[in-house]
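Here is the structure we will look at, set down as structure tokens.
The values are calculated or read from the model by the stated rules, or taken from the named source; none is laboratory data. Treat the numbers as computed from the prediction; the structure is a model and nothing was measured. Neighbour counts run over all protein chains shown; Cβ positions are idealised from the backbone, glycine included. Protein only, heavy atoms only, side chains kept; ligands, DNA and RNA dropped before computing areas. Shrake-Rupley method; radii C 1.70, N 1.55, O 1.52, S 1.80 Å.
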Amino acid sequence: TSLLLLAGWPRHCVPPCHHPHPPLSATLPGEGFTATHSEHNNKLSKRVGAMTIARAALRAGRHAGRRNSALRAAAPVASNSGRLLLQQQPAPQEQQRRTFSAGQIENYRGIEPSPFSNTMEFRSSSGTFPVFQLLDYDGKLLEGVELPFSDEEGVRMYELMVQSSVYDGFLLTMQRQGRISFYCCNWGEEAASVASAAALQPQDMIWPQYRELGMFLYRGLTPQEMVDQNIGNEGDRSKGRNLQVHYCMLEKNVQTVHAVLGTHVPQAPGAGYAYKLGGEDRVSVAYFGDGAASEGDALTGFNFASVYGSQTLFICRNNGYSISTGVEDQYGGDGIAARGPAFGIPTIRVDGNDLVAVYVATKEARKMSVEQKTPVLLELMTYRVSDHTTSDDSKAYRKEDAEVVEAWKKKGPIARWRKYLESRGLWDEAKEKALQEKAKDDIVTAFKKGEAKKMPPLKDCFNDMYTDLPWHLEEQWQYAEKHVREYPSDYNISKYRDLDGPLPPMDPRRAASGPRNPPPKPSGKTERMTMVAAINDAMSIALENPKTVLFGEDVGFGGVFRAAVGLREKYGADRVMNAPVAEQAIAGFAVGLSVAGYTAIAEMQFADYIFPAFDQIVNEIAKYRYRNVGGGAGNIVIRTPCSAVGHGSMYHSQSPESYFAHCPGLTIVVPRGPKQAKGLLLAAIKEPNPVLFFEPKVLYRAIFENSDGDVPVGSYELPIGQAEVVREGKDITLLAWGSQVARMEAAADRAAKDGISCEIIDLQTIIPWDVDTVEKSVKKTGRLVVAHEAPSTNGFGAEISSKITERCFLHLEAPVQRVCGYDTHFPYAWEEFYVPSATRVYDAIKKSVNY
């Protein structure tokens with residue numbers, strides 16, 4: 001175990017090895033987008049979209065799925081002049097050649113073939129991206145460009161943009177009148193969402209941010225659904241759980257709007273990879289803004305999509321502002337597009353107010369993504385003419401004066417496309433007036449109906465946290481229903497459905513802890529195994545399902561603790577995968593896989609390194625079912641080695657379960673031995689709710705002389721949410737989980753010599769925990785000692801102590817004792833004093849018995 005732990009240290013503990021990465025001595029002549037704007041326009045053809053995107057791909061240099069394919073076909077040869085030339089196979093659309101001035105070609109891992117050079121050169125740019133434009137500001141198609149869609153489709157897109165603008169204006173007014181609490185307008189950016197949505201296919205999965213109203217309208221969102229969501233009434237798809245403009249259309253393959261910037265960007269590649277595995281004509285599409293692009297989630301999302309060749313479109317609306325922060329304070333370098341080539345992603349920058357260019361670029365990007373198995377990045381350049389939301393006033397921070405803003409409005413997407421339609425005789429003032437009036441009538445009528453509806457019933461506050469309400473939520477719901485009826489004048493109960501009526505039916509048995517439908521007990525032949533072998537066996541059984549994917553750092557060679565050894569060879573590199581070192585993206589990628597119908601088994605190398613994924617776990621994975629009203633991410637297991645190992649210090653020894661126990665929506669499991677590890681892990685993998693599976697690494701290769709080491713052969717499950725009485729006793733109850741159970745047993749053996757009979761309970765599941773089993777034991781013994789390695793303050797033992805005191809107050813013979821880690825960081829030199837040893841547990845037993 002010690003040696004295997006050390007195998008995991010280099011990525012955090014060994015100083016980096018600095019290799020020279022010499023620059024190329026010459027640039028790539030004829031690369032995509034090197035022509036001037038006028039030259040570029042002159043080269044347009046009827047197949048302008050395909051040609052342009054192909055050149056964008058060349059600018060990226062390579063694409064995921066065929067990484068370095070063009071350059072790997074190259075070989076250095078001597079020219080007549082004696083210079084080294086790198087000859088390549090013909091690239092799409094044109095032949096290219098890299099020319100080097102001198103030096104030897106050196107093939108370092110992970111970079112393009114590069115020469116050595118005695119010239120020191122620092123680079124801050126690989127060139128600029130021009131803006132792809134097909135429709136000028138006067139509404140005229142550029143020379144040689146033909147409309148890529150029908151007139152009817154062009155009219156429809158115009159109508160949707162106008163409707164979006166009208167709805168924005170009305171709902172903004174409603175917010176100012178206090179009839180909704182918040183709103184976010186889309187003015188000036190309508191083409192970016194409408195045209196991109198029109199270029200996609202209905203089966204494509206969309207991950208929106210909060211300024212994609214045009215996309216939602218194109219996919220069929222109605223004015224009534226808009227209103228109900230913004231009011232939060234019982235007609236709202238999300239049952240009043242989400243902030244305004246957080247729309248959702250799962251049946252139309254549109255996920256709920258993400259409030260936390262950038263968190264959906266690494267999720268989309270997970271779904272895109274699933275579509276690649278399935279050979280589907282389908283892409284995953286993440287919309288985001290220039291502000292979200294600064295998030296680490298966005299950058300790790302780009303990298304994961306590139307590494308895995310995920311069928312993903314990244315569509316960035318660069319509107320110049322993230323609330324009050326302008327792009328000059330948001331990033332250095334050439335916008336968002338410049339980041340694509342760094343990750344090997346085909347990239348294009350588009351005039352986001354040009355309906356035609358956005359449509360053409362998106363359509364070709366989709367085609368490229370599916371056919372070449374690659375992500376594509378589109379930066380849509382636009383301008384936010386409105387305030388960020390109704391919560392701010394852009395006049396206080398906007399860098400441009402009022403005249404510039406007005407100029408942007410005049411060359412915005414609606415005015416621009418209207419000019420084109422009018423020039424073709426497809427639109428006139430009468431049609432405009434009729435469209436505006438109908439849009440106003442539709443939204444006003446919808447709002448009147450929406451205001452007449454009641455708020456959802458109180459139980460919807462509790463539903464959808466899990467597939468079924470666990471005991472503690474059932475208990476809280478039953479309390480809440482009774483409480484508000486006891487104090488009706490203190491609450492607006494008439495606003496809510498059925499809250500002013502009689503109590504709904506309640507079953508007290510549902511407030512009992514433990515699984516409601518436990519699996520059958522395992523039987524048959526057993527085999528002696530270590531815990532790490534049992535975990536490997538469980539994952540191997542799970543991977544027999546072709547829609548199960550195992551991935552994480554170093555998983556490809558078996559992981560630093562070798563828990564996945566042999567699985568890549570058995571099930572293939574496309575389903576047992578190494579992951580880049582980015583824990584937040586590992587968690588996010590799991591979300592995408594789950595949404596696409598796959599089961600994700602994600603490994604975090606150490607529990608100590610799970611914290612970069614904290615946001616993805618508590619703000620995304622834990623909330624996904626709730627905000628989506630039951631739909632979305634669920635079949636996710638995050639495995640991670642935890643707890644003390646003997647020499648791990650503060651970055652290889654933590655027990656972070658209590659951090660996550662505070663977050664509703666998660667299930668948390670900690671096994672104590674091989675039999676429990678395999679059965680609980682198989683149950684976790686089949687569990688429809690997300691599970692954090694903490695594995696005490698000191699137990700991986702421990703020898704279990706009791707029945708815990710006898711592991712049933714084949715597939716079996718142990719019940720999640722059920723504690724196990726490991727040893728019966730009558731004088732005191734000892735409660736623990738994971739590796740702490742063995743210390744409890746050692747302490748109980750010592751106490752037995754003093755004539756003290758200890759009952760030992762392994763909690764096994766932290767959330768939902770089996771309170772009834774513990775309560776029953778404590779009412780019998782009158783005493784309780786809870787032990788865990790995590791620090792004492794706010795550790796999960798505090799929750800247990802509080803709940804048992806509530807339920808067993810009159811039965812307790814002594815205060816509940818907690819034996820925990822100290823409120824320091826996990827120390828190296830003093831580990832034997834820090835860990836809740838059998839001696840410290842024995843001391844707590846004596847204090848309780850002698851109280």
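Out of L435, L458, one residue alone is open to solvent by less than 60 Å² (accessible area, probe 1.4 Å) and under 35 Å from the mean Cα position of the chain (by Cα). It is L458.
Assessment of the stretch 517-526 against the conditions (open to solvent by 30 Å² or more (accessible area, probe 1.4 Å), at pLDDT below 95, at positive phi and not β-branched (V, I, T)) yields at least one matching residue.
Residues in the stretch 160-218 that are on the phi > 0 side of the Ramachandran plot and open to solvent by 20 Å² or more (accessible area, probe 1.4 Å): 1 in all.
Across the stretch 823-837, the qualifying residues are those that are under 27 Å from T781 (Cβ atoms) and open to solvent by 10 Å² or more (accessible area, probe 1.4 Å), and the one among them that is farthest from the chain's Cα centre (by Cα) is S837. Taking residues in the stretch 125-148 that are farther than 15 Å from A361 by Cβ, and partners anywhere that are open to solvent by 50 Å² or more (accessible area, probe 1.4 Å) and among the small types (G, A, S), the pairs with Cβ atoms closer than 8 Å and at least 6 places apart or on different chains are S125/G333; G139/S423; K140/S423.
What's the number of the only condition in (1) over 20 Å from Q267 (Cα atoms); (2) under 15 Å from the mean Cα position of the chain (by Cα); (3) not hydrophobic (A, V, I, L, M, F, W, C) that S594 fails to meet? Status for S594: all satisfied but (1).
Residues checked against (1) touching a Phe, Trp or Tyr at 6+ places or on another chain (Cβ under 7 Å); (2) open to solvent by 30 Å² or more (accessible area, probe 1.4 Å); (3) more than 23 Å from K675 (Cα to Cα):
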{"site": "A748", "(1), (2), (3)": "no, no, no"}
{"site": "D754", "(1), (2), (3)": "no, yes, yes"}
{"site": "I761", "(1), (2), (3)": "no, no, no"}
{"site": "I767", "(1), (2), (3)": "no, no, no"}
{"site": "D770", "(1), (2), (3)": "no, no, no"}
{"site": "T773", "(1), (2), (3)": "no, yes, no"}
{"site": "K776", "(1), (2), (3)": "no, yes, yes"}
{"site": "V785", "(1), (2), (3)": "no, no, yes"}
{"site": "H788", "(1), (2), (3)": "yes, no, no"}
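The set of residues in the stretch 750-780 that are in a strand (DSSP E or B), in contact with a Ser or Thr (Cβ under 9 Å, 6 or more places away or on another chain) and not aliphatic (A, V, I, L, M) comprises C758, E759, T765.
None of Y331, Y321 is farther than 24 Å from Q584 by Cα and modelled with pLDDT under 95 except Y321. Total residues in the stretch 172-231 satisfying the condition of being among the small types (G, A, S) and within 17 Å of N318 (Cβ to Cβ): the figure is 7. Residues in the stretch 265-302 that are in contact with an Asp or Glu (Cβ under 8 Å, 6 or more places away or on another chain) and within 14 Å of P208 (Cβ to Cβ): V265, Q267, S284, V285, Y287.
As a summary of the residue check, Q209 satisfies the conditions (1) in contact with a Gly (Cβ under 9 Å, 6 or more places away or on another chain); (2) not in a loop (DSSP other than H, G, I, E, B) except for the one numbered (2). Inspect all residues belonging to the stretch 186-195 and state whether any of them is in a loop (DSSP other than H, G, I, E, B), among the aromatic types (F, W, Y) and more than 19 Å from T382 (Cβ to Cβ). Among the residues of the stretch 186-195, not one is in a loop (DSSP other than H, G, I, E, B), among the aromatic types (F, W, Y) and more than 19 Å from T382 (Cβ to Cβ), which makes the answer no. For the stretch 474-506, a residue qualifies if it is part of a helix (DSSP H, G or I) and of a type in the set (F, W, Y), and the qualifying residues are W477, Y479.
Restricting L243, L221 to residues that are among the aliphatic types (A, V, I, L, M), touching a residue at least 60 places away in the same chain (Cβ under 8 Å) and surrounded by fewer than 22 Cβ atoms within 10 Å (Cβ to Cβ) narrows the list to L243. Residue count for the stretch 557-581 satisfying the condition of being open to solvent by 10 Å² or more (accessible area, probe 1.4 Å) and either more than 26 Å from V265 (Cβ to Cβ) or not polar (S, T, N, Q) (or both): 15.
Among the residues of the stretch 389-412, none is identified as open to solvent by less than 40 Å² (accessible area, probe 1.4 Å), free of Cβ contacts under 8 Å to residues at least 60 places away in the same chain and among the acidic types (D, E). The residue that is farthest from D772 (Cα to Cα), among those in the stretch 509-533 that are assigned to a helix (DSSP H, G or I) and touching a residue at least 12 places away in the same chain (Cβ under 8 Å), is A533. Candidates are the residues of the stretch 413-426 that are open to solvent by 20 Å² or more (accessible area, probe 1.4 Å) and of a type outside the set (V, I, T); the one that is nearest to R317 (Cα to Cα) is A415. Close contacts from the stretch 803-820, counting a first residue that is over 20 Å from T839 (Cα atoms) and a second that is outside any loop (DSSP other than H, G, I, E, B) and open to solvent by 80 Å² or more (accessible area, probe 1.4 Å), with Cβ to Cβ under 9 Å and a gap of 6+ residues or different chains, come to R807/K779; C808/K779; H811/K779; H811/K780.
Can you find a residue in the stretch 717-740 that is out of contact with any strand residue (DSSP E or B) (no Cβ under 7 Å at 6 or more places or on another chain), open to solvent by less than 10 Å² (accessible area, probe 1.4 Å) and closer than 27 Å to A564 by Cβ? No, the stretch 717-740 contains no residue that is out of contact with any strand residue (DSSP E or B) (no Cβ under 7 Å at 6 or more places or on another chain), open to solvent by less than 10 Å² (accessible area, probe 1.4 Å) and closer than 27 Å to A564 by Cβ.
Could you go through the stretch 269-289 and let me know if any residue there is open to solvent by 10 Å² or more (accessible area, probe 1.4 Å), in contact with a strand residue (DSSP E or B) (Cβ under 6 Å, 6 or more places away or on another chain), in contact (Cβ under 8 Å) with a residue 24 or more places away in the chain and closer than 21 Å to V376 by Cβ. Checked against the condition, which is being open to solvent by 10 Å² or more (accessible area, probe 1.4 Å), in contact with a strand residue (DSSP E or B) (Cβ under 6 Å, 6 or more places away or on another chain), in contact (Cβ under 8 Å) with a residue 24 or more places away in the chain and closer than 21 Å to V376 by Cβ, the stretch 269-289 yields no hits at all.
Residues in the stretch 408-432 that are within 41 Å of the chain's Cα centre (by Cα) and not in a helix (DSSP H, G or I) were compared, and the one that is nearest to G214 (Cα to Cα) is G412.
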